[in-house]
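Here, each number is a calculation from the coordinates, and none is a lab measurement. This structure is a prediction, so every number in the text was calculated from the model and none was measured. Counting neighbours? That spans all protein chains shown, and the Cβs are built from the backbone with ideal geometry, glycine included.
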Amino acid sequence: MELQPGQVNWGSINPQPLPGAVRLWMWSVFAGGGDFICTYRYRQPLYGTEQYHYGIVGTDGVTVTPGGREYETFIKEIRELRKHYSPRETKPVDYLARRTAILFNHENSWSIERQKQNRTWDTFAHVEKYYRTLKSFGAPVDFISEAKQLSDYPVVIVPAYQLADPALVSQWTEYVKNGGNLILTCRTAHKDRYGRLPEIPFGEMLTPLTGNRMDFFDLLLPENPGKVMMNSQAYSWNTWGEVLIPASDAQVWATYADEYYAGKPAVTFRKLGKGTVTYVGVDTHDGALEKDLLKQLYAQLQIPVMDLPYGVTLEYRNGLGIVLNYSDRPYTFALPQGAKALVGSTEIPTAGVLVFSFKK
């Protein structure tokens, strides 16, 4: 909705988009499953508060702007793809195998942001650490609500889902017992739906599912962070860390490396029924721990993943693969066997796009 065709007027600083960015945004809409693009605006206005907002055509009403020329390019490319378009949603098996959902609602975000407890906490940044790792895996990711069937996804991530109740925890438990793989992160199920602390030991609404009890949580100064260890690798944290008391049938995947609780568990993994539940009780600075533990989990689940650099994404729809390069450097993409480049080439520049057909 309201895709910008170039420079805008509403930011505190309004730079020019990189050449190719407008076309990249349009391909992103298509790659994400969109079938319609609305732009604001067609012609740059001559008066009013948005005089400095670009249009597809400029102030004379006829001269096509740089962004408008990228619209022309995209229109020609998408028209040419019609001969390769499959009306069936054909996608590779290994791509669908890593399909992952992130459970999210804004009430949780609002609740936490009102009581951050640490000025460095950022709910959206916490979620984004998991999302960007999934995109580096080449995984299709859906942000879902509680109304969605979890069984549609082999893996579900529930990040900082503070407001919960026993009925919701039971749904998560059934998902795991029936073969699902659930990842819960810190600050999940600490409060009830009304934002109250339940009259149970703090953080133990999840105990029937994770097996964990929470000893306490800690918050550190950003200039004096702590360390958490996993597989002999150290990761820095300060924003939120829960010290866990795991169940006897749980595996400890990461522990705190310093402070007076050095050696205590920070991340646990538990098999339950036909599935698994992973609890990540710490939020790290750069998301490196989150990425490494997701790698470990997907490898254990025998789910094949890619290793795309940050800013490069891969999507499939209607018999086409689309690679988008939002990074600041060129990227060389290895085409799958039997695939053919249709738009762009395997050497994808910054703000570049590669569209390919693949062997069904």
Everything considered on the Cα gyration tensor (a ≥ b ≥ c; rounded for a/c under 1.5, else prolate if a/b is larger than b/c, else oblate), the stretch 69-109 must be described as oblate
Nearest 10, in degrees from 0 to 90: the angle of helix 123-136 to the longest Cα principal axis of the chain is 70 degrees
Per DSSP, the loop-located chymotrypsin sites (Phe, Trp or Tyr not before Pro) within the stretch 223-308 having at most 13 other beta carbons within 10 Å are Tyr260
Connecting every pair of Cα atoms under 10 Å apart in the chain and solving the GNM, the largest mean-square fluctuation among Glu259, Glu128, Glu50 falls on Glu50
Neighbours of Asp283 by Cβ distance under 10 Å: Lys/Arg at +1, Asp/Glu at -1, summed charge -1
Pseudo-spin-label distance Thr120 to Tyr194, built 7 Å along Cα→Cβ, given in nm, is 3.6 nm
Relative to the chain, whose Cα atoms define the longest principal axis, helix 21-31 and its Cα axis are tilted in degrees, nearest 10, by 60 degrees
So for the stretch 99-300, using the alpha carbon gyration tensor with a ≥ b ≥ c as root eigenvalues (a/c under 1.5 gives rounded; past that, a/b versus b/c decides prolate or oblate), I'd call it rounded
Classified through the alpha carbon gyration tensor (a ≥ b ≥ c as square roots of its eigenvalues; rounded if a/c is under 1.5, else prolate when a/b is larger than b/c, else oblate), the stretch 196-236 comes out oblate
Amide H contacts under 5 Å for Ile144, restricted to residues at least 5 apart in sequence or on another chain and with H modeled in the peptide plane, are Ile102, Leu103, Phe104
Answer check: the chain, Cα atoms, Kirkwood Rh, Rg/Rh ratio of 1.02
Expressed in angstrom and rounded, the centroid-to-centroid distance over alpha carbons for the stretch 38-115 and the stretch 187-256 is 39 Å
Magnitude of the Cβ-charge dipole (Lys and Arg +1, Asp and Glu -1) of the stretch 87-137 about the Cα centre, nearest 20 debye, reported as 140 debye
Expressed as a whole-number percentage, the relative contact order of the chain with C-alpha contacts under 8 angstrom and at least six residues apart is 15 percent
Highest GNM mean-square fluctuation among Gly61, Gly226, Gly319, for the chain with Cα springs under 10 Å, belongs to Gly61
Low-density loop GluC sites (Glu not before Pro), the stretch 162-228, at most 15 other Cβ within 10 Å, DSSP non-H/G/I/E/B, are Glu199, Glu223
Rounded to the nearest 10, the angle in degrees between the Cα long axis of helix 66-80 and the longest principal axis of the Cα atoms of the chain comes to 90 degrees
Relative contact order as a percentage, the stretch 61-203, C-alpha pairs under 8 Å and 6+ apart, gives 24 percent
Rounded to the nearest 500, the 222 nm mean residue ellipticity computed for the chain from DSSP H runs (n ≥ 4, each -39500 (n - 2.57)) alone is -7000 deg cm²/dmol
With Trp10 itself left out, Lys, Arg at +1 and Asp, Glu at -1 over residues whose Cβ is under 14 Å from its Cβ give -1
Within the set Thr346, Thr49, Thr210, GNM on the chain using Cα springs under 10 Å gives the largest fluctuation to Thr49
Expressed to one decimal in nm², the mean projection of the alpha carbon convex hull of the stretch 1-83 is 5.9 nm²
Net charge (Lys, Arg +1; Asp, Glu -1) of residues whose beta-carbon lies under 12 Å from that of Ala167, Ala167 excluded, is -3
If the label point sits 7 Å along Cα→Cβ of Glu107, residues of the stretch 182-206 with amide N under 16 Å come out as 188-198
Computed for the stretch 99-300: size of charge dipole around the Cα centre, +1 on C-beta of each Lys and Arg, -1 on C-beta of each Asp and Glu, debye to nearest 20, value 420 debye
With a 19 Å threshold on alpha-carbon distance, the violating pairs from Lys135/Lys291; Lys91/Lys177; Lys271/Lys295 are Lys91/Lys177
Computed over the stretch 1-83, the relative contact order (Cα-Cα under 8 Å, seq sep at least six) in percent reads 32 percent
Computed about the Cα centre, the charge dipole of the chain from +1 Lys/Arg and -1 Asp/Glu charges at the Cβ has a magnitude in debye, to the nearest 20, of 1120 debye
